[in-house]
Amino acid sequence: MTTTTTPGRIATSRLTSRTVVNAVVLIATLYTLLPALWLLFASTKNADALFGSDIFSLSDFSFAQNLSDLFAMDGGLYGEWYLNSLLYAVVGALVGSLISVSAGYAFDKYEFRHKEKLFGLVLTGVMVPQTVLALPLYLVASGIGLVNTFWAVFIPVLFNPFGVYLARILSSGYVPNEVLEASRVDGAGELQTYIRVSLRMLGPGFVTVFLFQLTAIWNNFFLPMVMLSDQHLYPLSLGLYTWNSSATVSPEYYPLVVIGSLLAVVPLIVTFVALQRYWKSGLTAGSVK
Amino acid sequence: MSTVITPGKRGKRTGTAPPAASPVRTRRAGRRQQTLATVALLAPFTALLVAVFLVPVGYAIGLSFFSEDHDGLGFGGGETVFTGLRSYIAVLSDPSFLAGFGSVALYCVIFVPAVVIGALALALLLDSGLIRLRRTAQMLLYLPHAVPGIIAAVIWLYLYTPGLSPVIKLFAQADITIDFLGLHTVLPSIVNIALWSGLGYNMVIFYAALQALPREVLEAARIDGAGGVRTALLVKVPIIRSSVLMVCMFSLIAALQLFTEPMLMNQATPMVNSRFTLNMYIYDAAFRRNNYGLASAASVILLIVTCALSYAVTRWAGRRDRSAR
């Protein structure tokens with residue numbers, strides 16, 4: 001059989017499709033990149049320049065001034081918010097993922113009564129987003145006097161049913177049952193085996209769950225907004241929101257919201273770049289049933 | 001010893017216990033240990049499940065049937081009276097709740113297809129093998145996911161604000177006046193923020209699924225003479241449909257919760273009122289109107305809608321999966 005298309009035409013059409021495909025992806029990357037770049041450039045402007053001429057020019061560079069203003073404003077509230085966010089997110093994600101991974105591991109390795117019913121409840125939890133629970137949580141917290149405390153935000157964020165679901169899948173993949181049996185034969189206790197052997201094998205899975213939870217807590221907005229009225233307990237998200245509402249009245253807050261937002265993005269980007277091979281494995285595990 | 005070792009449910013355990021102890025005793029001790037371990041490992045999560053999920057939901061459901069009659073200024077314990085479905089009727093006949101429902105529904109209809117199709121298209125393009133600097137492109141597309149929702153909203157709000165926005169300035173130079181916060185543009189503007197945040201994240205999910213495709217299948221499609229586009233749409237997409245469905249469902253659930261972006265826009269434009277979405281309505285009812293009964297009823301309605309939709313999607317998908325086989 002002979003084909004009628006000449007090799008030349010195939011080559012040209014492949015070249016055009018290659019160009020088109022690359023152009024589309026280029027436009028998409030510009031779409032995601034440019035707003036972030038705008039934030040970077042805008043953070044070097046003072047209030048006047050922000051409303052002034054060309055945002056992408058580097059004239060009147062006042063990054064350092066903005067930075068010192070940021071940490072000086074309202075008695076150093078921004079620094080407190082930053083520490084709060086770190087505390088909620090890092091400690092919360094560490095404790096939370098340990099709880100989720102332990103539960104997921106137990107679901108994978110042990111048999112017990114009503115196991116699948118309980119797991120069904122976990123899956124329901126996955127379907128119900130945190131925001132739906134925010135008001136009910138507030139009602140309970142106000143009933144027991146926990147509203148406007150650190151715990152009102154910290155405890156609910158530990159609950160991560162998706163982490164349990166993920167950990168169950170990862171545990172069946174990473175920890176072979178033979179390892180448990182070998183450990184039993186050696187006379188090691190179950191919990192001992194979990195801490196010394198299984199948890200180590202679950203390391204990458206743990207990091208994946210940790211990353212998901214870290215992002216979720218760092219982004220958390222509705223729950224703190226409902227729970228907290230003391231500005232000293234605010235996480236960054238809520239703090240920047242209040243400053244942004246102040247900015248509509250007093251524009252000197254605008255550059256602070258901009259540079260404050262920029263600094264608030266840094267920890268997650270650093271974490272993602274440092275741990276990128278883990279979140280990818282997690283994403284695949286989550287999508288393949 | 002002539003103990004009969006019945007093959008228990010955990011048949012995988014072999015009888016290779018240390019010879020010193022009796023197999024029955026080790027077995028029993030082992031089982032008790034396993035029970036203890038299960039309890040220890042599950043207890044913290046179960047406690048959380050009860051404390052921050054079951055109890056609050058139950059409490060909200062309970063509260064939605066009661067109303068607190070405050071005397072005068074609301075000092076002292078008001079009298080709690082059973083009002084039955086009155087709060088539900090009040091919510092469902094409230095025009096601002098129905099309007100909020102409408103805008104969230106419209107938002108879902110625009111956002112979910114946009115993010116799923118956009119992310120899928122980008123993933124297929126990245127998977128086509130024609131892209132230069134694929135890893136860099138992937139990183140840059142993923143970047144917005146590391147930007148918290150409220151900050152994404154701040155960035156875009158500033159890009160929508162006349163005077164601050166380089167985009168509006170650019171259009172103005174070409175004598176085009178553009179109002180991102182107008183009556184008909186504000187919802188698409190909100191969709192755009194969510195799209196910006198979610199596109200790369202969902203693309204990575206699809207891309208990861210595509211990378212896991214068996215190469216033989218793609219090879220077979222190529223030999224059959226299927227072009228790149230046809231292979232993508234007729235071979236690749238059907239194989240990763242469970243990922244597509246998962247992304248659809250999570251996007252839908254997330255879209256129903258719309259809160260952060262319009263809450264911020266509320267400060268900037270009168271086009272977004274304080275009850276613009278369902279969650280904003282709940283927040284407004286609880287904290288501006290101090291009507292917990294109303295807020296609880298609205299929360300329960302949102303909870304039911306969310307669960308019903310995700311249940312319907314999974315059921316529908318399950319049926320399609322079965323009929324496809």
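One table, with the values for the structure above:
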read-out: Condition met for B:MET271 (more than 11 Å from chain A (Cβ to nearest Cβ) and touching a residue at least 60 places away in the same chain (Cβ under 8 Å)); value: yes
read-out: Helices (runs of 4 or more DSSP H) (entirely within region B:97-214) containing at least 3 residues that are within 8 Å of chain A (Cβ to nearest Cβ); value: B:134-142, B:149-160, B:186-211
read-out: Residue match in region A:136-147 (condition: under 23 Å from B:MET249 (Cβ atoms), at the interface with chain B (Cβ under 8 Å from one of its Cβ atoms) and part of a helix (DSSP H, G or I)); value: yes
read-out: Answer residue from region B:264-285, given it is closer than 14 Å to B:ALA90 by Cα and of a type outside the set (Ser, Thr, Tyr) and is nearest to the chain's Cα centre (by Cα) among those; value: B:ILE282
read-out: Unmet criterion (only one of (1) part of a helix (DSSP H, G or I); (2) more than 9 Å from chain B (Cβ to nearest Cβ); (3) more than 29 Å from B:LEU302 (Cα to Cα)) for A:ARG113; value: (1)
read-out: Sole exception among (1) farther than 21 Å from A:GLN276 by Cα; (2) surrounded by fewer than 24 Cβ atoms within 10 Å (Cβ to Cβ); (3) of a type in the set (Ser, Thr, Tyr); (4) over 21 Å from the mean Cα position of the chain (by Cα) for B:TYR107, by number; value: (4)
read-out: Elements of type helices (runs of 4 or more DSSP H) in region A:180-250, at least 1 residues being in contact with a helix residue (DSSP H, G or I) (Cβ under 6 Å, 6 or more places away or on another chain), of a type in the set (Asp, Glu) and facing chain B (nearest Cβ under 10 Å); value: A:190-193
read-out: Residues within region B:274-290 that are without any contact (Cβ under 8 Å) to a residue 40 or more places away in the chain, surrounded by fewer than 20 Cβ atoms within 10 Å (Cβ to Cβ) and not charged (D, E, K, R), tallied; value: 2
read-out: Complete set of residues in region A:90-110 that are assigned to a helix (DSSP H, G or I) and either among the hydroxyl-bearing types (Ser, Thr, Tyr) or more than 10 Å from chain B (Cβ to nearest Cβ) (or both); value: A:VAL90, A:VAL91, A:GLY92, A:ALA93, A:LEU94, A:SER97, A:SER100, A:SER102, A:TYR105, A:ASP108
read-out: Failed item in (1) among the small types (Gly, Ala, Ser); (2) modelled with pLDDT under 50; (3) buried (at least 16 other Cβ atoms within 10 Å of the Cβ), with B:ALA51 passing the rest; value: (2)
read-out: Some residue of region A:152-168 being away from chain B (no Cβ under 12 Å) and surrounded by fewer than 23 Cβ atoms within 10 Å (Cβ to Cβ); value: no
read-out: Residues satisfying the stated conditions in region A:181-209, i.e. touching a residue at least 60 places away in the same chain (Cβ under 8 Å) and small (Gly, Ala, Ser); value: A:SER198, A:GLY205
read-out: Any hit, region B:237-248, residues being at the interface with chain A (Cβ under 7 Å from one of its Cβ atoms) and farther than 29 Å from B:PRO188 by Cβ; value: yes
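Conditions (1) under 16 Å from B:ILE151 (Cβ atoms); (2) at pLDDT 80 or above, marked per residue:
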residue: A:LEU34; (1), (2): yes, yes
residue: A:LEU39; (1), (2): yes, yes
residue: A:ALA42; (1), (2): yes, yes
residue: A:PHE51; (1), (2): no, no
residue: A:SER62; (1), (2): no, no
residue: A:PHE71; (1), (2): no, yes
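The values are calculated or read from the model by the stated rules, or taken from the named source; none is laboratory data. Model, not experiment: these values are computed from the prediction. All Cβ positions, glycine included, derive from the backbone under ideal geometry; neighbour counts span all protein chains shown.
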